[in-house]
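To start, the structure itself, in structure tokens.
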Amino acid sequence: MAERVAGTAGWMGEAPARVDGPGKLCGATRYAADAKRDGVLHAAVVRSEVARGKLIGIELDPGFDWTGIVVVTASDIAKNVVAEVEEDLPIVASGEIRHMYEPVALLACEDPVRLERAKAHVRVEVEALPAVLTIEQALACEAVIYGTDNVMRRCGVEQGDAPSAIEASEVKVRGTYRVGHQEHVYLEPQVMVAWWDGDGVHVEGSLQCPYYVHHALVHALGEPNDRVQVRQAVTGGAFGGKEDYPSVIALQMALLSRKAGGRAVRIVFDRKEDIEATTKRHPARVELQSGCDRDGTLRALEAKVVLDAGAYHTLTPVVLSRAALHAAGAYRWEHVRVEACAVATNTPPNGAFRGFGAPQVLFAVERHLDAIARELGMDPLELRKKNLLGIESVTPSGQVLESSVGVRECVEVAEARSGYREKRGRLGVGNCVGSRTVRGIGASVVLHGAGFTGSGEERLKGVVAVDLLPGGRVRVRSSSTEMGQGTETVFRQIAAEGAGVPFDRIEVAVPVSGIVPDSGPTVASRTVMVVGELVRQAASDLGERVRREIEAGGGDFAAAGDRLLAREGAVECKRQFVPAPGAKFDDATYRGVAYGAYGWACNVVEVEVDLDTCEVKVVGLWTATDVGRVVHPVLCAGQVEGGTLQALGWALWEELLWKDGRIVNPRMTSYIVPTSLDAPPMVTELIEAPYERGPGGAKGVGELPMDGGAPAVAAAIEHATGLSFASIPITPERIYDALQKAGREARS
Amino acid sequence: MKVTLKINGETLTLDVPPMMRLIDVLRDRLDRTATKEGCGEGECGTCTVLVDGEAMNACLIPIGQCEGRSIETAEGLSSAAEPTALDRAMVERGAVQCGFCTPGMVASVRGLLRRVEKPTEAEIREAIAGNICRCTGYKRIVEAVMAVTEPAEERR
Ligand code: FES
Ligand code: FES
């Protein structure tokens, strides 16, 4: 553990009560759908209902009374594009239909009942074309929907000569691993409201990244920066699902409102529409081939990663880079070749979801390590320990790890706390003969690059401002949003310590474009590590100025601060991101420092499998996570626990079922997320291997918990049943089928 | 249709269509927005309220069935100004993250505590099984309840 300097109550390392807690508990806090807005128009979206085709025409039923109903179609839109990484996503489809839930017409009306009726009177004529619905269909080019081969983007990482090294290895192992879509199921569905007045367009909603929305609005509406204002409403969960999608509905609402003469127009998705139309985690297929020595020394890995992008780019190119850079896992390989590509399909575009490409490839490589251990007759955790990255290790992109590698401690702590070694011997398929329930234990080790990939932070150049307020109060202005993870609370802690004032003197400004500076998006486990460090620097600059005033003229912080304010009118300290000296990443070759720091974790999972019902119960979960420095022990552990349960959900229950491009189970009755009865008891250990460029040594923690749960569950099921699953979710049906197959094989 | 009911102890008579859902009456007619709509079909629990002391989903209850009943929502069951021991424990122990599940969670927990003074962990998990929380992993919600009830050893 890093040594902790005892601080004033509420500083880093302490656990002040989260500031947004009381209002959320009693319902005083208003979320976007809670705000009363008189005369607001309700909005609805008419969708294509065809997975691929040509939009022939849209007709408003002449027999229906359209008075008071605002209609927007592509023909109303001068610049029909939602600017994200690329500019291929239309606000409303025109001409081409690329997935089942493509918006084709937007409606708004004061009366929600008439609105619902009106929807049924928009006649959409589409000439259907053969659709590409899976990775396999895309690669087979049964139909070509993008470029010449359906490949939207490629990237690769190469170190040494993996093919030759595998060829020369004593032991070679091969495997193909698959994961499916995952839906965010943030509890608050998407909500957005827009209106126009003399100052331009105003947008308020449940969102993660105000400046992404701002950029998309400026780009499409042709308004100058200062005539577009985006405000984040209190946001009821996001997990990446409110990173890119809010730009789409913000534009749709802005266009409806403009046509309605500026009146406020609001959309509140119901759960079904939310599951159908918004982004999800990219499905993936990962083929791995590796070579190692008989003693378990890993030598070489070749990975072919394919992501299903869906119909448009959204954030896919960035997700793909992260997938490529995490594909070799937390291990030393001398030789690595990763070939990654994203293919287009006629399904809704996939986007950001906690983990952002890493969970997919880490599931694959972790399952692969288990396969290698089986081949060698070695304990899977021993194999991992033998090959862990450490200080001075070189990652596949050629990055030398100079500090903050707590992975070995994570493994040792999780192993000891879980009783892994003893249970590995006592439980397992061989020890449960004759019993109808079997138990097993499994482990995974993962890493997660914190902050934007490669040169991303350098390009973003995030800014944070800290203001001195009367009475010695201090305000932090940044575009980092609170969506449940605790930004408002931890930023207060960091600023308090930076400025040298108590926690309750700090305020955090509501993220509103134009009022807060652009600190970059609230994504990529960067909020505490990257933006938080800017908060610390700016706050300590401010504290320094006040202390100089105290030295010059006496008084306490408040008195000196007030003197400064009286003299200067406003006192603001700003800091901007500066890349670490020498940290370079080449976006063309994928060589160099891919991430400033990596978080590390070891997960151990114990399961009980009922051989009659084939149900899996997770009976124990032990995690040890290196976060660099714990800023807030309760909130930090909460990130780990909540994220890990999402990972268990993905591993065991969460599955989107598709038929002809349509989601068969777009409801919470049929898309199953874990309840309190599914959630295991959890032991959460936080490890601190400090990163010198994070505040107090802190690294990112948001996404890491999503990475290790699924492979650890699969490993535990393998230990319990002898069944080795290479794809998730591992549902009772799949266990049943696998048991039947194993039984047939045993008999024959 | 006229419906007389109690909401957080206050008796109200409302003129509403009988099939209007209780959640809409609370949110749209009475501007009590603690009660959230996460799914609208009885699956997520964000709309949980107490009806005569029993936790129920307000998205599934037509207001016509509420005649003479007592409805309690998070607005009445917890308070920012005068937090109860449970309120404090939930905030301090990390039971609240995004907060969207929280008012419904409070209602389910309060409903349980009316029936069982010192619930076991299993009873707590059972009582909130209809309240989905996507943020916390539930552990800290259960711990917050345990912290204020100190379950009797023999019941565990
Ligand atoms: S909104 Fe009532 S249960 Fe989900
Ligand atoms: S705190 Fe976000 S859903 Fe429970």
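Numbers below:
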{"quantity": "DSSP-defined beta bridges in chain A - what % are antiparallel, rounded to 5", "calculated": "75 percent"}
{"quantity": "Qualifying lysines (Cα of each under 23 Å from Cα of residue A:172; at least 8 residues distant if same chain)", "calculated": "A:304, A:385, A:386"}
{"quantity": "Taking N as its residue count, the alpha carbon Rg of region A:343-427 over 2.2 N^0.38 Å", "calculated": "1.41"}
{"quantity": "Chain B: mean projected area of Cα convex hull, nm²", "calculated": "8.7 nm²"}
{"quantity": "Long pairs among A:119/A:259; A:54/A:659; A:659/B:36; A:584/A:699; A:24/B:139; A:280/A:659, criterion Cα-Cα beyond 23 Å", "calculated": "A:659/B:36"}
{"quantity": "Dipole axis of region A:1-104 (+1 Lys, Arg; -1 Asp, Glu on Cβ), positive-most option in A:51, A:92, A:26", "calculated": "A:26"}
{"quantity": "Part-to-part distance (alpha-carbon centres) for region A:180-244 and region A:111-125, which is given in Å", "calculated": "25 Å"}
{"quantity": "Test item: B:74-84 mean partner chain Cβ contacts at 10 Å", "calculated": "4"}
{"quantity": "Dipole magnitude (debye, nearest 20) for region B:2-76, charges at Cβ of Lys, Arg, Asp, Glu", "calculated": "140 debye"}
{"quantity": "Unpartnered cysteines - no second Cys beta carbon under 4.7 Å - across chain A", "calculated": "A:26, A:109, A:141, A:155, A:209, A:292, A:341, A:432, A:573, A:614, A:636"}
{"quantity": "Positive dipole terminus of region B:85-150, leading residue within B:119, B:95, B:132 (C-beta point charges)", "calculated": "B:132"}
{"quantity": "Magnitude of the charge dipole, region A:48-135, Cβ model with Lys/Arg +1 and Asp/Glu -1, debye to 20", "calculated": "160 debye"}
{"quantity": "Computed [θ] at 222 nm, deg cm²/dmol, chain A (DSSP H ≥ 4; -39,500 (n - 2.57); rounded to nearest 500)", "calculated": "-9000 deg cm²/dmol"}
{"quantity": "Within region A:274-364, GluC sites (Glu not before Pro) in DSSP loop having at most 16 other beta-carbon neighbours inside 10 Å", "calculated": "A:334"}
{"quantity": "Dipole of region A:373-431, positive direction: furthest Cα of A:388, A:410, A:430, with charges on the beta-carbon", "calculated": "A:430"}
{"quantity": "Shape parameters for region B:2-76, alpha-carbon atoms, Rg then Dmax in Å", "calculated": "10.8, 30"}
{"quantity": "GNM top mover of B:49, B:116, B:106 - chain B, alpha-carbon springs below 10 Å", "calculated": "B:116"}
{"quantity": "Region B:49-112 and region A:75-90: distance between their alpha carbon centers, rounded to Å", "calculated": "43 Å"}
{"quantity": "Helix-derived mean residue ellipticity, 222 nm - over chain B, DSSP H n ≥ 4, -39500 (n - 2.57), to 500", "calculated": "-8000 deg cm²/dmol"}
{"quantity": "Cα-based radius of gyration of chain A once divided by 2.2 N^0.38 Å, which approximates compact folds", "calculated": "0.97"}
{"quantity": "Assigned charges on the beta-carbon of Lys, Arg, Asp, Glu; chain A dipole about Cα centre (debye)", "calculated": "400 debye"}
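Values quoted throughout were computed directly from the atomic coordinates according to the rules given, and no laboratory measurement underlies them. No experiment lies behind these values; they were computed from the predicted model shown. All Cβ positions, glycine included, derive from the backbone under ideal geometry; neighbour counts span all protein chains shown.
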